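Participant: Let me begin by handing over the structure; questions about it come next.
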Amino acid sequence: MLSRLFRRLFLEELVKAFDAGKLEFFSALEGCRDRRALLRYLVPTREVEWVVYAKRPFAGPEQVLDYVGRYTHRVAISNNRLLDIADGNVTFRYKDYRHGSQQKTMTLEAEEFIRRFLLHVLPDGFQRIRYYGFLGNRYREEKLARCRQLLGMPACAPPTTEANKDYLDRYEELTGSSLRECPVCHQGRMVKTAVLLPFPKCRTAITDTS
């Protein structure tokens, strides 16, 4: 039932996009620039069963936050999964989902490990978390003020010195744990010794001299 509903809605929106002039056709599909030709082209797609993949619904907002939080605010691999770094190789622990989620270890050359890690780094211009609706960046302040007005809430107070505190201090006040504490021995203190600046992008055109 879900498959047929999705098929109908998808094809309806496709035709609406055509009528609004949002579709372009090239090569073998140039004949579909005519509306009747497009509708004829879509006839077979209305007669086959589409495969729609859908998971079961989440068991409440807590599970949604737990699920999404694992991907939005974590790196590709956490430090506690790194077991050894020696002789140009990196050994780490991973979960093998193909074999009952067994915990296994893998050893890779450092270059291959770095290559795989960098596959999870977003290219320039991409954003991991995007907001829409009243949280969209363009009108967020205006929309949130309107939401507070409709809900009868007091206007948002201007930023104070509390909001300007270092995030390390705020985290410690809220949780009682310190991010300055050594995560291994839990006794030593982490001290910032240097800040590595991003490598400047090359703005000079590179010509092929071969």
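Participant: Take segment 52-85 and flag every residue that is within 26 Å of Met106 (Cβ to Cβ), without any contact (Cβ under 8 Å) to a residue 24 or more places away in the chain and assigned to a loop (DSSP other than H, G, I, E, B).
Facilitator: Residues satisfying the conditions are His73, Arg74, Ser78.
Participant: Tyr71 versus (1) over 25 Å from the mean Cα position of the chain (by Cα); (2) loosely packed, with under 10 Cβ neighbours inside 10 Å; (3) of a type in the set (Phe, Trp, Tyr): which is the lone unmet condition?
Facilitator: If we test Tyr71 against (1) over 25 Å from the mean Cα position of the chain (by Cα); (2) loosely packed, with under 10 Cβ neighbours inside 10 Å; (3) of a type in the set (Phe, Trp, Tyr), just (1) comes out false.
Participant: Sticking with this one: Looking at (1) farther than 28 Å from Gln127 by Cβ; (2) of a type in the set (Gly, Ala, Ser); (3) in a helix (DSSP H, G or I), can you tell me which one Ala17 breaks?
Facilitator: Every condition holds for Ala17 apart from (1).
Participant: Check whether at least one residue in segment 191-201 is of a type in the set (A, V, I, L, M, F, W, C), surrounded by 10 or more Cβ atoms within 10 Å (Cβ to Cβ) and modelled with pLDDT of 80 or more, and report yes or no.
Facilitator: No - not one qualifying residue is present in segment 191-201.
Participant: Yes or no: Pro154 of a type outside the set (Val, Ile, Thr) and over 30 Å from Leu14 (Cα atoms)?
Facilitator: yes
Participant: For segment 165-184, which residues satisfy the criterion of being charged (D, E, K, R) and assigned to a loop (DSSP other than H, G, I, E, B)?
Facilitator: Within segment 165-184, Lys165, Asp166, Arg180 meet the criteria.
Participant: Considering every residue within segment 145-156, establish whether at least one is under 24 Å from Val68 (Cβ atoms) and either at pLDDT 85 or above or assigned to a loop (DSSP other than H, G, I, E, B) (or both).
Facilitator: Checking segment 145-156: at least one residue is under 24 Å from Val68 (Cβ atoms) and either at pLDDT 85 or above or assigned to a loop (DSSP other than H, G, I, E, B) (or both).
Participant: Let me ask you something else. Just to be sure, is Arg33 at pLDDT 80 or above and farther than 30 Å from Lys95 by Cα?
Facilitator: It is true that Arg33 is at pLDDT 80 or above and farther than 30 Å from Lys95 by Cα.
Participant: For segment 97-132, enumerate the residues that are outside any loop (DSSP other than H, G, I, E, B) and either touching a Lys or Arg at 6+ places or on another chain (Cβ under 8 Å) or of a type in the set (A, V, I, L, M, F, W, C) (or both).
Facilitator: Gln102, Gln103, Lys104, Thr105, Met106, Leu108, Ala110, Phe113, Ile114, Phe117, Leu118
The values are calculated or read from the model by the stated rules, or taken from the named source; none is laboratory data. What you see is a predicted model; the values in this text were computed from it and never measured. As a convention, Cβ positions derive from the backbone with ideal geometry for all residues, glycine included, and neighbour counts pool all protein chains shown.
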